[in-house]
């Protein structure tokens, strides 16, 4: 059975690259460009892993942190990776407090992200 992956990213090029890469790795991939879209998908599907960007739709937005909380409220067994180009120790601590399993700083090579996903799935 294919593992389902949800990618939440507002930058079209990054979203496309992640979706294509993970689809070729055998995942069933859904995508969302906003927190609202992500919540709708989380209500309909079970995901093994959610990869969410920290900032969606704004330079100071931290909606990715809210997505972490949403995932753990809706599907506590789902693993969460937070991607950000704006990481800080405060963001990392808050992401961990909300239940993120991993925080990755952008840019990351796609194989590195895939290794993290694989590691999270093996630990489940």
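Below, the figures for the structure above:
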{"quantity": "For residue 27: the one exception among (1) crowded, with 16+ Cβ neighbours inside 10 Å; (2) in contact with a strand residue (DSSP E or B) (Cβ under 8 Å, 6 or more places away or on another chain); (3) under 21 Å from residue 98 (Cβ atoms)", "calculated": "(3)"}
{"quantity": "Matching residues in the range 105-120 - criterion: being at pLDDT 95 or above and farther than 19 Å from residue 74 by Cβ", "calculated": "109, 110, 111, 112, 113, 114, 115, 116, 117, 118, 119"}
{"quantity": "Qualifying positions in the range 36-62 - farther than 17 Å from residue 5 by Cβ, surrounded by fewer than 21 Cβ atoms within 10 Å (Cβ to Cβ) and touching a residue at least 24 places away in the same chain (Cβ under 8 Å)", "calculated": "55, 57, 62"}
{"quantity": "Residue tally, condition closer than 20 Å to residue 69 by Cα and not in a loop (DSSP other than H, G, I, E, B), over the range 86-115", "calculated": "14"}
{"quantity": "Among (1) crowded, with 18+ Cβ neighbours inside 10 Å; (2) within 22 Å of residue 123 (Cα to Cα) - the single one residue 105 does not satisfy", "calculated": "(1)"}
{"quantity": "Options 69, 61: the member that is over 15 Å from residue 81 (Cα atoms) and either assigned to a loop (DSSP other than H, G, I, E, B) or modelled with pLDDT of 95 or more (or both)", "calculated": "61"}
{"quantity": "Hits in the range 14-35 - residues which are modelled with pLDDT of 95 or more, part of a helix (DSSP H, G or I) and either over 16 Å from residue 111 (Cα atoms) or in contact with a helix residue (DSSP H, G or I) (Cβ under 8 Å, 6 or more places away or on another chain) (or both)", "calculated": "17, 18, 21, 22"}
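The values are calculated or read from the model by the stated rules, or taken from the named source; none is laboratory data. As the structure is a computational prediction, the values presented were derived from the model and not from experiment. Glycine also receives a Cβ, built like all others from the backbone with ideal geometry; neighbour counts cover every protein chain displayed.
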